1. Just the residues that are open to solvent by 40 Å² or more (accessible area, probe 1.4 Å) and either modelled with pLDDT under 70 or within 15 Å of residue A:188 (Cβ to Cβ) (or both), please, taken from the range B:16-37.
2. Out of curiosity, is residue B:70 within 26 Å of residue B:253 (Cβ to Cβ) and either surrounded by fewer than 17 Cβ atoms within 10 Å (Cβ to Cβ) or within 11 Å of chain A (Cβ to nearest Cβ) (or both)?
3. Which number in (1) in contact with a Lys or Arg (Cβ under 6 Å, 6 or more places away or on another chain); (2) under 20 Å from residue B:170 (Cα atoms) marks the one condition that residue B:97 misses?
4. Residue by residue through the range B:238-260, note down the ones that are of a type in the set (A, V, I, L, M, F, W, C), farther than 27 Å from residue A:152 by Cα and open to solvent by less than 30 Å² (accessible area, probe 1.4 Å).
5. What are the residue pairs meeting all of these: first residue in the range B:299-315, first residue under 18 Å from residue B:325 (Cβ atoms), second residue open to solvent by 60 Å² or more (accessible area, probe 1.4 Å) and modelled with pLDDT of 80 or more, Cβ atoms under 6 Å, and 6 or more apart or on different chains?
6. Does residue A:103 qualify as being at pLDDT below 95 and more than 27 Å from residue A:136 (Cα to Cα)?
7. Would you confirm whether any residue within the range B:155-164 is at pLDDT 90 or above and more than 9 Å from every other protein chain (Cβ to nearest Cβ)?
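The values are calculated or read from the model by the stated rules, or taken from the named source; none is laboratory data. Given the structure is predicted, the values throughout are model-derived calculations rather than measurements. In this analysis, Cβ positions are derived from the backbone assuming ideal geometry, glycine residues included, and neighbour counts consider all displayed protein chains. These accessible areas exclude ligands, DNA and RNA; they are computed on the full protein's heavy atoms, side chains included. Shrake-Rupley method; radii C 1.70, N 1.55, O 1.52, S 1.80 Å.
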Amino acid sequence: MRASRLLLLFLLCGAAPAVAQDRRLADRLDPTTATTVQRVVDSAAREGLPTEPLVQKALEGSTLGASGERIVAAVGALHGQLVRARDALGGGASEAELTAAAGALRAGLPPAALRRLQSLRTGRPLVVPIAVLTDLVAEGVPPEEATRSVLDLARAGRPDDEFMALRQQLRAGREGGMPGPGSRPPLRPAPDPPVDQ
Amino acid sequence: MSRRLALLALLAAAPAGAAAQVTGSVDLGAGTNRPDRAIPGGVASIAPTLQYRAGPLDLDLSGVYTDAPGGRWNFQGTTAATFRTPSLGILHAELGAEADWTSHYQVRGTTAVAGSARIYAAPSARTRLWFGGQSGSATALGRRRPLLRSEFGTSALIGGLQLGFTLLRSSFTLMSDPTATPTQDTLSAVPGRPDSGRGYRSSMTDARLTGRWRFGSLDFDASIGRRFSQTTRELTLWGVSASREITPLLDLVAATGRAGSDPVTAVPGSRYLVVGLRLKLGGGPTPLLLPPLPADRAAFRIGPVAGSGREVVVMVPRAHTVELAGDFTDWRPVPLESWGDEQWRAVLPIPPGLHRLAIRTDGGRWHAPPGTRPIQSEFGGEVAEIVVE
């Protein structure tokens, strides 16, 4: 009996916020949802994960009119993705990098691709390359091809601008569809003089 | 002089604030060329290209100078301007103007000037259909000739392969009786229709299947097509080109194929095989924001830090209110102010990094701003993710 009371007390303590509840959650979510989300946020804080993306996910749900249940599910899923992202990139990754990496994993990219990218970009921010990689996959480029293209740029030490240009180039290629009527391979020799028909 | 002024006017017409990008390349190649009605032999070519992209406006300049044995040389230059309209649902349009000219050793060259219009439909993110027309005038062999083309095309992205199919119909005027001098490519024994005594009206249709893909570090382009005509013999046209990056500024390139004659300017086709190097001329200024879609390049942008924040501008036609929400506003809707010309703006403190945002028009559903890639939110609406540098 005493043991079960102790267990109940322990659970209640565990359920209670470790830190003061984020005002934004309390203001924008119903009390039950706010408390549950806060619990996930506290758990992330204890694990050394960034908490702001979780708060923002909940606020996004509120603005988009989602139910409390969906908000809790989305915040829980993001928490899991941040854990996987931290496992892939290590504890030294910034909040922005972890957030971007979480999106990449959600898009179906393997953690190994993120680790490889990180090893090639030592000391340089990863946000843009990861965001571009995620974007390429989301736009239909096979993950292996997208990863290869991004890693090629990273291996060459290219700046963020060139990662952006890679995405632009791919988009332009698709949006443009086919070459226009006047386009020609630049290597094709110039034509000979006209011949009277 | 008037051409320079026109170019300046086109450059000035680029939307203010839209990120401009200038790219270019120079190809140096050597190989063999077998023209339809000229002496075959070895050739050396130099082919510069220059592209200017700003908002909905594209300007392209390209040329190729080819030196053949015996001091014979040929040059072909092309300049084109394209203006894209904003999207209307799955549709958008392109208006274009193009000038093409050739110069040759000891022979008068050709010129062709045309205007064009195309309408695109994008039923999905991976498929596209378009049709369009081109009308203009060409001068060749001392005579002015009308130029009229119509085109239908479709493309689809299947895995990593981009496949396309086009039908291009060209109407042209033969300046002499086509039954008189039949030759290999351009002529046959089938007569065309006399055109008021000035020539023989005829037409041809090129059906072309194209593919574009990347295999390892190699980029490939391939095409195969068939030319159908009443007055020229049927012909199979094809081309294959490949490039491989050697350094960030240098590519190894190769191309081979069978090009058809141009029925309007009467320049002959050829078989060719060329190998060379491509020197890339850098990227120029690059966008601060994620590069928008070509159809809506200036439809949404976030500027650099200025004063109390960054200027956010979104183009939304026929709206009474436009609101923006994102992680930089704690997802609280921020009303944008009307800024004329269908533009809405606000100045907001937005730190560098990856941001998630959405806009709402007239209190409707939240959606991704135009010109950004929509992402399905877990909550049912659409949002966008952007990188702010």
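1. Selection gives B:16, B:17, B:19, B:28, B:30, B:32, B:34.
2. no
3. Of everything listed in (1) in contact with a Lys or Arg (Cβ under 6 Å, 6 or more places away or on another chain); (2) under 20 Å from residue B:170 (Cα atoms), residue B:97 misses just condition (1).
4. Within the range B:238-260, just B:259 meets the criteria.
5. From residues that are under 18 Å from residue B:325 (Cβ atoms), the pairs are B:309/B:347; B:309/B:349; B:311/B:347.
6. No.
7. No, the range B:155-164 contains no residue that is at pLDDT 90 or above and more than 9 Å from every other protein chain (Cβ to nearest Cβ).
Yes/no matrix, rows are residues, columns are (1) farther than 22 Å from residue B:259 by Cβ; (2) modelled with pLDDT of 80 or more:
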position: B:194; (1), (2): yes, no
position: B:205; (1), (2): no, yes
position: B:208; (1), (2): no, yes
position: B:232; (1), (2): no, no
